[in-house]
Amino acid sequence: MTAVKTKEYVLPPVCIREVLRYSGCAEVTPDMEALANECAAEARKIFSPKICYGEFPVKMIGDDLDLGFARVSSRDLEKNLEGCDSAVVFCATVGHEIDRLIKKYGVISPAKAVIFQGLGAERIEALCDLFCADLESEGLTARPRFSPGYGDLPLELQRDIFRTLDCPRRIGATLNQSLLISPTKSVSAVVGLKKRV
Amino acid sequence: MDIKQYIKEKFLLLDGGMGTLLQSAGLTPGEYPEKWNITRPEIIKKIHGDYLAAGSRVISANTFGANCLKFDCDELEQIIKAAMKNARAAIAECGDKEDRFVALDIGPTGKLLRPLGDFDFENAVEVFAKTVRLGAKYGADLIILETFSDSYETKAAVLAVKENCDLPLIVTNAYGSDGKLMTGATPAAMVAMLEGLRVDAIGANCSLGPKQLRGVVEELLLNASVPVVLQPNAGLPRVESGKTVYDVDSEEFSSDMLDFAKMGVRVLGGCCGTTPEYIEKTARKLVGLVPLPLSEKNITCVSSYTHALRFDKQPILIGERINPTGKKRFKQALMENDIDYILGEGINQQEKGVHILDVNVGLPDIDEPSMLCRAVTELQAVTDLPLQIDTSNTCAMERALRLYNGKAMINSVSGKAESMDAVFPLAAKYGGLIVALTLDENGIPETAEGRVEIARKILARASEYGIRAKDIIFDTLAMTVSADNKAAIATLGALRTIKNELGCHTSLGVSNVSFGLPHREVINSTFFALALENGLSAAIMNPYSADMMKTYYAFRALGGMDDNCADFIEFAAALPDEKAQATAAQTVPEENYASELQKAIIKGLRDRSSELCRALLEKTAPLDVVQNEVIPALDVVGQGFEAKKVYLPQLLMSADAAKAAFEEVKSFMLRDGSEKVSKFPVVIATVKGDIHDIGKNIVKLLLENYGFEVIDLGRDVPPENVVAAVLESKAPLAGLSALMTTTVPAMEETIKQLRASAPDCKIIVGGAVLTREYADKIGADYYAKDAMEAVRYADSLK
C-alpha cells in the first residue's frame, strides 16, 4: 500500500530577478530591484513551505491512464509519463500569509501587491523545484511536473489528488468550488519517475 | 455521572488514534473511513472496545469526516447512526460500563472560509449543524471538535453545536511547530474566543508529539479557566518500507502525559499513531494522581484571528478613525460602498501603532448591518488587529459579532434596561469584551459616585447572563470641559473608583473633553495623560494626532513600562523635524509646482504627490489640476507601459501617486462643495467562482485615476449582483475579469444576464486566459489585454 508523506522544507534565498520577472518586469531596474528587496525583507518570515505526496504505479488501461489513485484520459499527460512505471503526485504550498500580504498591499500599495504576487510565485516554484530535484536519484530521473489543467489534463483530477493526499489536514491546502487551491501560492502536480538508461 | 461533573472531579481519559488503526486494517489513501461504520462495523467496534479496555472514559465515534459535503443526506444519516451504534455496542460489551461516554467526533470540512477562501461562514455553520443534529438524534453524550487548524472554521462549528443541541462540548485545535494554528491563532487567542463561546473544555490535538506541544499546553494552562485537553500524536511520522511509523513509543508518551497532568491538563488522550497501548499506559500512570484544581484566570482580553490582547498594565490604544461622524470623506466612502477607503484607514492606523480598531459605519441612509459585516469581514483580511464593533443597531451588532473571527470588543452597553436587554444576550452567546457607559434612563450623573453606582448596577445585571466583571470595561464618559469646568474631574474620579474598588478596566473617548475649545490637541493629550495616571486602561483616540501619540509614549517611558525607553526613542526618531520640513517646502520654486507634481507622479512618489497637489489646489481649480497635471503625467507613464519601457509595478507606483493626488482633489472639492469630478460610473467585478482579483484591482486603480467612478463589487461575484449594480448605478460600462478557463463560463453567464437586463451597458472583459476571439465568442463588446487598454476603451465612450 502507498503511504502518503508530508515534508517541510527550508527554501533557498529569494531570486530577485525571478520575482521581478513574475511581476512583469522584463529586466531588473535599480528602482524595481530596491522595491523587490524591500518586499522580500518584509516577507522573510512568513512562508511555511510544506509538501504532501505519495508515489503510485502508472499504467495504461485501454485508452485511460491509471494513476493508481485515479483514472484519467489525457493524451498530454500520457506523453509526459511515457516510459514511467510510477509517478509521484504532490501538493505544495507556501502558506496563507503571503495571500494576506497581497490583499493588504492591494489596498495601500498596488505596486507592492504585484511584487508580493511575484514573490509568492517565485517561492512556490522554488519549493517545487527543490522537491522535484529530491525525487531524482542515481537510478531515477523525474519528468517535468504536470498539473491538472495543463493541456488536456482535466482540472477535476484535483478532487482525486486532494482526497488521496488529504491535503487540508496535512498541509492546510484546500480546494475551492472552482477547483483552485487556497492558499493561492500552492501547486499540485504529477511527476513521472523514469529509470535512467 | 454527568460528564461535566466528571471533569470537575477527575482526570478524563479519551481514546487514541482511529485513522492509523484503520489504515493498518487496510484502509487505502482516499477511502472514506466513515463508510467502515457500515461496511466493516466489527473492526470499528473492536477498536472502540480495545480503547475501553485500555481505560478510555470517552470514545470518539468514527465520524471525523462525516458531513454533507462528503456524503449525501441519507448516507450521512446512515453513517452517523451506525457510528453511534458501534460505539454504544462496544460499551455494552465492555466489563465496566460505568462512566463511559460516546462523543460525536467532528473534524474540519477541508474548505477554506471567506475572505481567504470561498466557503461562506454560514454555509459552514449549516454543514456542521447537520452533523450535530444527527449526532444528538442518535444519542451522543458529548461532542468533540478536533484537529481544526483555522480559528474561523472552529467558530462556525462551535456555533453549530451551541445552536443545535445542549451537549457538552470539547474543542481541540491542531497547532503547528510554530505554536500557532495554520491561519495564525495562538493558544491564548483560541482560549479567548472559545471561552467567550462557552465551550466546556479547550485544548490541542494532532500535528505534533507531546514534547513539541509543551509550549502550546503551557499557554493554554496559563489562559484557560476551563479544563485543558491534550491529545498529541505519537511523535512525528516517518515511512519505513511503505508503512507509516511514529517516533514516540507508548512508554515515553505516557510519561510525557503524566508530566502534563501534573502541570494541570485534565482531559487526556492520543491522536495519530497512538494505540490502546498508549492509552493504557497513560491510564496506569495517572492512578493515584490528584488533578490540580481549576482556577479562574480573571484575564480581561480581546482577540483577533492571530492573537489575544490583554488589558493589563500597558495602556491600550483604540483607533477611532473608522467612523463617519464629522468626516465628510468617510461618509462619501460609505455612500459609494468604497470599502478600500475604509480598509486603508484600518491599515494606516495600525501602522501608527494602535492596538484595536473601532469600527463604526452607521449612516442614516445605508444598510448598516450589511455594511458593518462587510467592513468587519474585509478588515480581517488585511489587518490582524482585534476589532471593536461600534453600533447602536442591535441587528448589525449581532451579525457582526457572529462573523467576527475572535473575541470582539463590543461598543457599547449602558445602564439603561433596554440597552442591557439587547446587548447582554449577544455577549453571552458570542463572547466579547463589553464597553459599558456609565449612564442610564436618568442621563449621565454629574458626580463620580453617581457613575460608579450605575457601574455596579451594570455588573449585577451582567452576572445574570453569566457575564463576568472581567468582560466589562467601563467608559466613565468624558464630557465637555468648556460647558462645565468640573466635568473632567468627575470623569477622572469615577475612573479611579471603578479601577480601585470594582477592580474593573476602563476606557474613554478622550477627545469629547475639548469640544468648543481652541487648540483641542493640547487639552486632549493632557487629559489623556491625567486619565492614564488615574488608571485608564484604554483610550478611543485619533492615532494621527501627534500630541496624543507623544503623550502615550512619554507616559509609558515615565511609568516604567518601556524598557530602556526603547519605544519612546524609536517613536521620537520618526517624528518629523519641523525646521527641516519648513526649508524643504521652500526649496521648490513656486512657478515650478506644476511640473513638480507631474514629476512626482511619474516617479511614483506618493506622499510628495499629495503634498504638491495640496499646494497647487490653493491657486488652481481642481478640475484643471486633474486635466492639466494628473492625467498628462499618467499618460506619459501609460505610454511608456504600452511601449514596454515602463513595467507593471512602475505603472502602479505612478497610479498610486496619482491616486494620492486625486484624493487631495476629492477632499478639496468636498470641503469646497463643488461638483463631482467623476466622468461616469463603471461597474467592475471578478466573476463568480474566481478569487483572483489583482488584475481587476489594477484596472480599478487606473480607471479611478482617469476620473471614472468605479463601483467595485469584489471577487467571486454572482451574475445577478453585477446586473443589480449596473441597473442601480446606470453605469454605461461594466468590466469583468476571469483568470481561469473554468470561470469563463461564469463570465459568459454574466454577460448573458447583463444583455437581458441592461442592453445599453457596454461590457469589457479581461484576464489571463482570455483572448480577443474568446471575448467575441462569449459576447463581450471589448477585450482589454491590460489595464491601459481598459482605460483607453472607457475614455472612448465619453
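A few remarks follow.
- Screening B:Glu449 with (1) assigned to a loop (DSSP other than H, G, I, E, B); (2) more than 25 Å from B:Leu197 (Cβ to Cβ) gives one miss only, at (1).
- Residue-level analysis places A:Leu77 among those that are in contact with a Phe, Trp or Tyr (Cβ under 6 Å, 6 or more places away or on another chain) and more than 13 Å from chain B (Cβ to nearest Cβ).
- Helices (runs of 4 or more DSSP H) fully within the stretch B:658-764 that include at least 2 residues being touching a residue at least 60 places away in the same chain (Cβ under 8 Å), within 30 Å of B:Pro632 (Cβ to Cβ) and in the same structural domain as B:Arg329 (by TED's automatic domain parsing): none found.
- Residues that are basic (Lys, Arg), closer than 14 Å to B:Val361 by Cβ and assigned to a strand (DSSP E or B) within the stretch B:310-327 comprise just one, B:Arg321.
- Within the stretch B:10-37, residues that are surrounded by fewer than 20 Cβ atoms within 10 Å (Cβ to Cβ) reach partners that are of a type in the set (Phe, Trp, Tyr) and in a loop (DSSP other than H, G, I, E, B) with beta carbons closer than 7 Å, at six or more positions or on different chains, in the pairs B:Pro29/A:Phe69; B:Gly30/A:Phe69.
- Of everything listed in (1) under 26 Å from A:Arg17 (Cα atoms); (2) in a helix (DSSP H, G or I), the single unmet condition for A:Cys91 is (2).
- Matching option when the condition is assigned to a helix (DSSP H, G or I), free of Cβ contacts under 8 Å to residues at least 40 places away in the same chain and either touching a Leu at 6+ places or on another chain (Cβ under 9 Å) or more than 30 Å from B:Glu398 (Cα to Cα) (or both), among B:Ala436, B:Ala529, B:Ala483: B:Ala529
- Single unsatisfied condition, A:Lys50 versus (1) more than 11 Å from chain B (Cβ to nearest Cβ); (2) in contact (Cβ under 8 Å) with a residue 12 or more places away in the chain: (1)
- Scanning the stretch A:120-146 for residues that are assigned to a helix (DSSP H, G or I), free of Cβ contacts under 8 Å to residues at least 60 places away in the same chain and in contact with a strand residue (DSSP E or B) (Cβ under 7 Å, 6 or more places away or on another chain) yields A:Cys132, A:Leu135.
- Residue count for the stretch A:6-19 under the criterion of being more than 16 Å from A:Leu127 (Cα to Cα) and either facing another protein chain (nearest Cβ under 8 Å) or among the acidic types (Asp, Glu) (or both): the result is 0.
- Being within 14 Å of chain A (Cβ to nearest Cβ), closer than 19 Å to B:Ala333 by Cα and hydrophobic (A, V, I, L, M, F, W, C) holds for only one residue in B:Val646, B:Val710, B:Val682, and it is B:Val710.
- Scan of the stretch B:205-264 for residues that are of a type in the set (Asp, Glu) and not in a strand (DSSP E or B), ordered by number: B:Glu218, B:Glu219, B:Asp247, B:Asp249, B:Glu251, B:Glu252, B:Asp256, B:Asp259
- Condition check for A:Val88: in contact with a helix residue (DSSP H, G or I) (Cβ under 9 Å, 6 or more places away or on another chain) and more than 10 Å from every other protein chain (Cβ to nearest Cβ): yes
- Considering (1) within 13 Å of another protein chain (Cβ to nearest Cβ); (2) of a type in the set (A, V, I, L, M, F, W, C); (3) not in a helix (DSSP H, G or I), the lone condition that A:Met60 does not fulfil carries the number (1).
- In the stretch A:22-32, the qualifying residues are those that are in contact with a helix residue (DSSP H, G or I) (Cβ under 6 Å, 6 or more places away or on another chain) and either more than 8 Å from every other protein chain (Cβ to nearest Cβ) or not in a loop (DSSP other than H, G, I, E, B) (or both), and the one that is surrounded by the fewest Cβ atoms within 10 Å (Cβ to Cβ) is A:Val28.
- With respect to (1) buried (at least 20 other Cβ atoms within 10 Å of the Cβ); (2) farther than 28 Å from B:Gln332 by Cβ; (3) at pLDDT 90 or above, the lone exception for B:Met740 is condition (3).
- Filtered residues of the stretch A:122-146 (kept if crowded, with 20+ Cβ neighbours inside 10 Å and under 15 Å from A:Ile16 (Cα atoms)): A:Glu122, A:Arg123, A:Ile124, A:Ala126
- Positions within the stretch B:20-39 being in a helix (DSSP H, G or I) and at the interface with chain A (Cβ under 10 Å from one of its Cβ atoms), in sequence order: B:Gln23, B:Ser24
For every residue, the table says whether it meets (1) within 14 Å of chain A (Cβ to nearest Cβ); (2) crowded, with 24+ Cβ neighbours inside 10 Å; (3) closer than 30 Å to B:Glu277 by Cα.
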residue	(1), (2), (3)
B:Lys162	no, no, no
B:Val171	no, yes, yes
B:Lys180	yes, no, yes
B:Val191	no, yes, no
B:Glu195	no, no, no
B:Leu221	no, no, yes
B:Gln231	no, yes, yes
B:Arg238	yes, no, yes
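- The residues in the stretch A:135-174 that are under 13 Å from A:Phe90 (Cα atoms), among the charged types (D, E, K, R) and either within 11 Å of the chain's Cα centre (by Cα) or away from chain B (no Cβ under 14 Å) (or both) can be counted, and the count is 1.
- Selection from the stretch B:430-452 of residues that are more than 18 Å from B:Ser392 (Cα to Cα) and crowded, with 16+ Cβ neighbours inside 10 Å: B:Pro445, B:Ala448, B:Gly450, B:Arg451, B:Val452
- Qualifying residue in the stretch B:115-122 (condition: surrounded by fewer than 24 Cβ atoms within 10 Å (Cβ to Cβ) and either away from chain A (no Cβ under 12 Å) or part of a helix (DSSP H, G or I) (or both)): yes
- Any hit, the stretch B:456-468, residues being touching a Gly at 6+ places or on another chain (Cβ under 9 Å), surrounded by fewer than 21 Cβ atoms within 10 Å (Cβ to Cβ) and over 27 Å from B:Leu197 (Cα atoms): no
- B:Ile80 vs. criteria surrounded by fewer than 18 Cβ atoms within 10 Å (Cβ to Cβ), away from chain A (no Cβ under 14 Å), farther than 18 Å from B:Thr274 by Cβ and touching a residue at least 12 places away in the same chain (Cβ under 8 Å): no
- Here B:Arg310 passes the criteria (1) over 16 Å from the mean Cα position of the chain (by Cα); (2) modelled with pLDDT under 95; (3) basic (Lys, Arg) except the one numbered (2).
- The stretch B:83-110 - residue that is in contact with a helix residue (DSSP H, G or I) (Cβ under 7 Å, 6 or more places away or on another chain) and within 14 Å of another protein chain (Cβ to nearest Cβ) and, of those, farthest from B:Val161 (Cα to Cα): B:Gly110
- All conditions in (1) in contact with a Phe, Trp or Tyr (Cβ under 6 Å, 6 or more places away or on another chain); (2) within 14 Å of chain A (Cβ to nearest Cβ) hold for B:Thr244, with the sole exception of (1).
The values are calculated or read from the model by the stated rules, or taken from the named source; none is laboratory data. The shown structure was predicted, so the numbers you read here are calculated from the model rather than taken from an experiment. Positions of Cβ are generated from backbone atoms using ideal geometry, with glycine treated the same way; all protein chains shown enter the neighbour counts.
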